[in-house]
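Since the structure comes first, as structure tokens, the remarks are kept for the end.
What follows draws every value from the coordinates through simple rules; no lab data is involved. Since the model is a prediction, treat every value here as computed from it, not as a measurement. Quick reminder, even Gly has a Cβ in these numbers, built from the backbone with ideal geometry, and neighbours come from all protein chains shown.
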């Protein structure tokens, strides 16, 4: 696998070594030892999640606050998404900045997002199956997020806002300036 750091400290893109032949392909999608070596510390994933979405569906920008925060290892097994992490670590030099990664069934890349980040994605293909590992269990009381169209973040989602399918709950999320203490 190839590890590519991003401008946001701790966020990395993982590209697997894919073995192709006339039967198809094979690759190792996850190995605890290799992964922990790549990030430089032990991450204990405790929950796997999967979503199915259609073109234009936006999910995010979600987070778990404080002690319930989650690191995520995300990937796409069908289709293509633009995946975004926003740095919300108050003492980080990149606080309030984001990084976007195109994840697809073709490139088989994975994006690791450590604790202290908001996360979201938009589906660019007709359909997408999105999978991710979390290192902490979901806690409803600790859920939070940021509005996808926050002008301070100025995220380019790759399609006009009018074409996005956003849940009513996500439309109610605050802008960064109004989010308060997120516990990072």
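Using the 10 angstrom Cβ neighbour count as an exposure proxy, how do 184, 130 rank, fewest first?
Least to most surrounded, the residues fall as 184, 130.
Taking the Cβ-Cβ separation of residue 177 and residue 42 as r and a Förster radius of 35 Å, what is the calculated FRET efficiency to the nearest 0.05?
Here the calculated transfer efficiency is 0.50.
Could you calculate the contour length gain from residue 91 to residue 127, that is, 0.36 nm times the residue separation minus the distance between their Cα atoms, to one decimal place in nm?
Stretched fully, the residue 91-residue 127 segment lengthens by 9.2 nm.
Between residue 167 and residue 17, take the C-beta separation as r, use R0 = 41 Å, and let me know the FRET efficiency to the nearest 0.05.
0.65
Can you give the extra length, in nm with one decimal, that the chain gains between residue 141 and residue 102 once fully stretched, where that is 0.36 nm per residue apart less the Cα-Cα distance?
Result for the pair: 11.0 nm of gain on full extension.
Among 99-110, 116-127, how do they line up from the highest to the lowest mean number of other beta-carbon atoms within 10 Å?
Descending mean neighbour count gives 116-127, 99-110.
Kirkwood hydrodynamic radius for the chain: how many Å is it when counted over pairs of different Cα atoms?
Here the Kirkwood hydrodynamic radius works out to 16.8 Å.
7 Å from Cα along Cα→Cβ at both residue 28 and residue 52: what's the point-to-point distance in nm?
3.1
Using Cα pairs under 8 angstrom and six or more residues apart, how large is the relative contact order of the chain, in percent?
It rounds to 29 percent for the chain.
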